[in-house]
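Report on one structure; see the data block that follows.
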Amino acid sequence: MDTRPIGVFDSGLGGLTALRELARLMPEEDLIYFGDTGRVPYGGRSREILVKYARQDVAFLRTFDPKAIVIACGTVSATALDVLREENAIPIFGVVEPAARAAAHVTQNGRVGLIGTRASIRSGAYERALEAMRPGTAVTARACPLLVPLVENGRFRPGDVVAETVAAEYLAPIKAAGVDTLILGCTHYPLMKAVIGGAVGPDIALVDAGEQCARWVKQQLEWDGLRNQRPGAGRRRYFVSDSGGDFSELASVFLGEDVHGEVEQIDITAY
Ligand code: DGL
């Protein structure tokens, strides 16, 4: 039993989709979320910058003495997980391995689609993980940079002609490749599940990287005897690096509940 909190971070607020899953699966755990809203988006940045930002994000969360850190961000998981693991002697979880494991398990025909940010796709991390877990898997990957701003502007619901048009164009080559499984490798895509599912059709299974990661974290903590067994609901704390924007509005979209009044701002460059 370990009552210390779990730290979770993302480039912004999209990672709240993963936090929601963690909270659903482990309601008694204390969760501390950091969203780097002052420097979002990460998805188009170089590995060098991403590693620098990720180190600061982790250093901030470590001030709370967490028992584990979850990288909710697909981009950081794909580009900086190895460095963060090397430098930190606590469990660091990313979304790539659990998503790849789920896809390797789900696919029947060995053809898997992948969508994410430019940096995630460029990294090749999902291909490497899939090759290790299911050798010979054919991956058709596509960067979808327009999906993040669409979601952040509330344009993710079925019937939204802009969202449906953009999704259909991005997903056409993936569908044409004959995949039977599609990894949603970005924090924002779970909100577009209905639109994405509509674009690819019912025969392609969608794997939500954040959801798979949350399940994996729970399992690992259980195996390692690190779960908090204390009865009652865990505490949630939210930190951001920019006061601007409509945190509570956007956060409630990603989280499905109002977090107004519980958000603190920090200077991430100090870490
Ligand atoms: N959080 C990022 C990811 O999951 C998406 C937003 C961004 O580009 O920063 O890859």
Here the Cα Rg-to-2.2 N^0.38 Å ratio for the stretch 120-169 is 1.50
Lys/Arg +1, Asp/Glu -1 at C-beta; the stretch 1-95 dipole; positive extreme among Pro5, Ala68, Ala80 = Ala80
Residues of the chain: accessible area per residue at 1.4 Å, in Å²?
-> 42 Å²
Yeah, the chain with a ≥ b ≥ c from its alpha-carbon gyration tensor (a/c under 1.5 is rounded, else prolate when a/b outruns b/c, oblate otherwise) is prolate
Accessible-area value, Met133, 1.4 Å probe, nucleic acids and ligands omitted, Å² | 70 Å²
Set Lys and Arg Cβ to +1 and Asp and Glu Cβ to -1, take the dipole of the chain about its Cα centre, and tell me which of Gly124, Leu184, Pro202 lies farthest positive.
-> Gly124
A student applying the Cα gyration tensor rule (rounded when a/c is under 1.5; otherwise prolate if a/b is larger than b/c, oblate if not) would label the stretch 47-171 oblate
Once amide H atoms are placed 1.01 Å from N in the peptide plane, what residues at a sequence separation of 5 or more from Ala205, or on another chain, have their amide H within under 5 Å of its amide H?
-> Thr181, Leu182
Debye, to nearest 20: dipole size of the chain, +1 on Lys, Arg Cβ, -1 on Asp, Glu Cβ | 540 debye
Using the reciprocal of the averaged 1/r over all distinct C-alpha pairs, how large is the Kirkwood radius of the stretch 156-271 in Å?
-> 17.4 Å
Amide H to amide H, which residues 5 or more places from Ala68 or on other chains are under 5 Å from it, using H placed in the peptide plane?
-> Gly7
Rounded to the nearest 10 Å², the accessible area of Asp65 using a 1.4 Å probe with every protein chain kept is 80 Å²
Can you grab the distance from the C-alpha centre of the stretch 161-239 to the C-alpha centre of the stretch 70-101, Å, no decimals?
-> 16 Å
What does the charge dipole of the stretch 123-231 about its Cα centre add up to, to the nearest 20 debye, if the Cβ of each Lys and Arg holds +1 and the Cβ of each Asp and Glu holds -1?
-> 260 debye
Report, to the nearest whole %, how much of the accessible area of the stretch 195-271 belongs to carbon and sulfur atoms, 1.4 Å probe, protein only.
-> 44 percent
Once all protein chains are kept in place, Tyr53 shows an accessible area at probe 1.4 Å, nearest 10 Å², of 30 Å²
Of the DSSP H helices in the chain, the ones reaching 30 Å or more along their long axis in Cα terms and averaging at least 1.6 in Kyte-Doolittle hydropathy are none
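The values are calculated or read from the model by the stated rules, or taken from the named source; none is laboratory data. Being a predicted model, the structure only gives us computed values, none of them experimental. Neighbour counts run over all protein chains shown; Cβ positions are idealised from the backbone, glycine included. With ligands, DNA and RNA removed, areas are computed over all heavy atoms of the protein, side chains included. Shrake-Rupley method; radii C 1.70, N 1.55, O 1.52, S 1.80 Å.
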